[in-house]
Every structure is written in C-alpha cells, then in structure tokens.
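What follows is one structure encoded as structure tokens, with my remarks underneath.
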Amino acid sequence: MVLSSKYNFSLGFIPAVIAILAGTFATPAHAACTGAGTGLVFCLLNRRRSFPLLLYGTTGVLLLLAAVFWLLPCPSLPDKDLPLLFEAALLLPPLLLLARGSRWAAHTSSGNKGRQRILQQSAEAAIVSARILFILAVIHALSLLIVQALSPQTGNQAVRFMLYEAAPPGIFIAAILLNQAGICYFNKRLRQIAFVPVVNVQGEVVGKKPLLGTILRSDKEAIYPLVRLAVTAYGMLYLSPRPSDCFQEAGKPDLPQERFLLFGEDIGLVALKAARQLSPQAPAPRFNFRYYYRDNDSNRLVYLFILDLTEAQYQHSRLNRTGKLWPLRQIEQNLGTGYFSKYLEQEFAALRDIIYTRERYKESS
C-alpha cells in the first residue's frame, strides 16, 4: 500500500506559511488571525483516523499570538522582524514534539490499544516532519548569526531580504516539499519491493510482508506458503541436491523445484512456471496435497505438485545432472537418517502412495 499526500504531516505548517506571508501586507493581529482561521478550517476538515499534531500545535500558537496582538498593547515591529517573530513562535510546537512526542504518545490511551497505535503512528510521522523543520531552522539561525557578525549595520540588502523576510516562510515551505519528496521516494521504493503473503493453516491470506533481507529465515511466527514440485518418471522420483545458497539444509537430496509464493500470484501458475523451467514441453503439474510444517527454523504451508514425465519428456528435460531418479524402495531405506531434506521426509509417504497408484493405473490401462 503506497502512502498518499495525506500522510505528509508537515502540511500542518500551511497555516504558518499563510500567517507569515499575510504579515507582509497586514497588521500582526490580522496576520495571526488569518493563519489561525486557516488552521481551524483544516482541523474541522480532518476526518481521517489520525492526529495531525503539527496542525494542532501550529493553530494553537497562532490563536495565542492573535489574542496577544489584539488584547495587549505591543510596540510596533519593523517589517523585517515580524516574519522572524512568527518563525520563532511557530517553532515551539515542533520542538516540543521532538522533545516529548514519543513519550506522550506511549502514555496516552493506555486502555485503548487501537487509539494508542494511531497516536504513536501520528507522533512518529509528525516527528519526522518536525526534525526536518528543525534542521532547516538551525541552518537559518546560523546564517543569521554569520550575516549579523560580518555586517551588523549594513550588508547586502538582497541577502538581508532573503534571510529576514523570505527565509521564515521558506523553511516551512521547504519542510512540506521535502516531506512530500520523501513520501514519493518511499512509494517508488515500495513499488519495487516484492511481498510474500502471510497465511493461516487453512491457506487463507491474513496479511503480507515485504520480501526483504532474511525475513523468510528470521520470522518464525508468520506462516508463509511454499510451492514444491516433485518430478516422477519410470515410476521413480527425481531428487537433486538443494542449492548451496539455500538457507536451510543446503546440499541434501530433495525435490528439484521449490519456491515461495509472492503476494497476488496464482499457485497453479507458479507450479506451471517451475515445471516449464525443467521441461519446456511438460504438461501442467497436478496439485496433490497441502500440509503444514513447523520446526525451530521454519513455519510453512506447503503446496505439493507432481509432474509426471514421459520417457521423451524426461530425456529432453533440463533437470540438473547432479540429480538422479531414485527408486522408491531406495528412498525408504534412507528415511530417518537425516540424509534427505526435512520436507521430503514429511511428504514421502504420501508421494509414494500417489506414485504407486499411478503406476498401477498405467499398467491396467
């Protein structure tokens, strides 16, 4: 699931931008009221199951500033100082969020786990936006100090305009754009990531997880579907060593094809692709049974397919030459010794009965 722009919590800075820009042609009281009114409208329109903490904080500060400007006699401010005043005041909610946001969310709504989870997610998203704004504000403050130290009285007018009037709304706009760029980059990366379904023992999909790193190796709780393909010919079972890069039981004799199912894939098509990799002219393999397997290393729901090759199909197949056809009796003699893979040990009895039944049917027909 990709993220929409609604998850850009830095959009809560829009009232701050409006207030600062309004201050260039209106009184401080009217500018603060304009920004606060915009924030209240956004708060009323927010119907998502999230808490736009930055929007609430920005709107609250603007309401407070509006009250101060209207009720208290304030000395007139130079035009270049008003944007800096707004910037300094509006930085307080993000700084407070950086300092206490995570702890506050963790101790809120302890009796409602769903509400607590939403609060924590909202706080985490808002903290990311606040951190970006804080970095931009620090850069702006350092630039002001350098210019003030080098030319406290005069200096380049264009530089002073940029730092005193353009930069205060600019850092809030830049924070919004950088957060949106981060969301776009995240969505782009997410589209390139494959997902594996999480199922229950009945085979019903209950979720999905990104196929990243060693998740299939390290996650012992989630059940992942696994497609395995058995190949038979001449009444025997073809076995080959498991690949050396396999993270479980590498080198042990096993069925020639095994693959985890990706989210959204059809199990039958996955088995057919596996069969065609072995023999381009192979018929569609038949699904035979499903079983649940769990041990200390894995938690799998295995779908077993059987591909029965004729003599011609076997001779023209692409089966690994390191493998061979095993008589069923020879496999039985080595069961329980740890020679074969654990999956083959689990499924061989059912495989043997299926192969014997098919061979008897061929003889009778």
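Would you check if Ala19 is in contact with a helix residue (DSSP H, G or I) (Cβ under 9 Å, 6 or more places away or on another chain), part of a helix (DSSP H, G or I) and either within 24 Å of Leu177 (Cα to Cα) or at pLDDT below 85 (or both)? Answer is yes for this residue. Looking across the stretch 274-284 at every residue that is open to solvent by 20 Å² or more (accessible area, probe 1.4 Å) and in contact with a helix residue (DSSP H, G or I) (Cβ under 7 Å, 6 or more places away or on another chain), the one that is modelled with the lowest pLDDT is identified as Gln281. Restricting attention to the stretch 22-60 and to residues that are in a loop (DSSP other than H, G, I, E, B) and within 37 Å of the chain's Cα centre (by Cα), the residue that is nearest to Phe161 (Cα to Cα) turns out to be Pro52.
Of the residues Leu84, Leu177, Leu95, Leu163, the single one that is in a helix (DSSP H, G or I), farther than 22 Å from Pro15 by Cβ and modelled with pLDDT of 85 or more is Leu163. Scanning the stretch 285-298 for any residue that is open to solvent by 10 Å² or more (accessible area, probe 1.4 Å), more than 35 Å from the chain's Cα centre (by Cα), modelled with pLDDT under 85 and over 17 Å from Glu347 (Cα atoms) turns up nothing. Taking the stated definitions as given, is Leu229 surrounded by fewer than 17 Cβ atoms within 10 Å (Cβ to Cβ) and touching a residue at least 12 places away in the same chain (Cβ under 8 Å)? Here the answer is no, as Leu229 does not meet what is asked. Screening the stretch 272-365 for helices (runs of 4 or more DSSP H) wholly inside it with 3 or more residues that are among the aliphatic types (A, V, I, L, M) returns the ranges 342-364.
Taking the stretch 300-315 as the range and being closer than 24 Å to Pro241 by Cβ and surrounded by 12 or more Cβ atoms within 10 Å (Cβ to Cβ) as the test, the residues that pass are Arg300, Val302, Tyr303, Leu304, Phe305, Ile306, Leu307, Asp308, Leu309, Gln313, Tyr314. Taken over the stretch 179-198, the criterion of being free of Cβ contacts under 8 Å to residues at least 60 places away in the same chain, more than 17 Å from Lys208 (Cα to Cα) and open to solvent by less than 90 Å² (accessible area, probe 1.4 Å) is satisfied by Ala181, Gly182, Cys184.
With the structure loaded, tell me whether Phe260 is farther than 21 Å from Ser240 by Cα, aromatic (Phe, Trp, Tyr) and open to solvent by 20 Å² or more (accessible area, probe 1.4 Å) or whether it fails that test. The answer is no for Phe260. Being touching a residue at least 24 places away in the same chain (Cβ under 8 Å) and open to solvent by 80 Å² or more (accessible area, probe 1.4 Å) is the filter here; which residues of the stretch 335-365 pass it? Tyr339, Gln346, Tyr356 - these are the residues of the stretch 335-365 that are touching a residue at least 24 places away in the same chain (Cβ under 8 Å) and open to solvent by 80 Å² or more (accessible area, probe 1.4 Å).
The values are calculated or read from the model by the stated rules, or taken from the named source; none is laboratory data. On a predicted model such as this, the values are computed, not experimentally measured, just so you know. When we count neighbours, we look across all protein chains shown, and the Cβ atoms used for this are built from the backbone with ideal geometry, even at glycine. All accessible areas refer to the heavy atoms of the entire protein, side chains included, with ligands and DNA or RNA removed. Shrake-Rupley method; radii C 1.70, N 1.55, O 1.52, S 1.80 Å.
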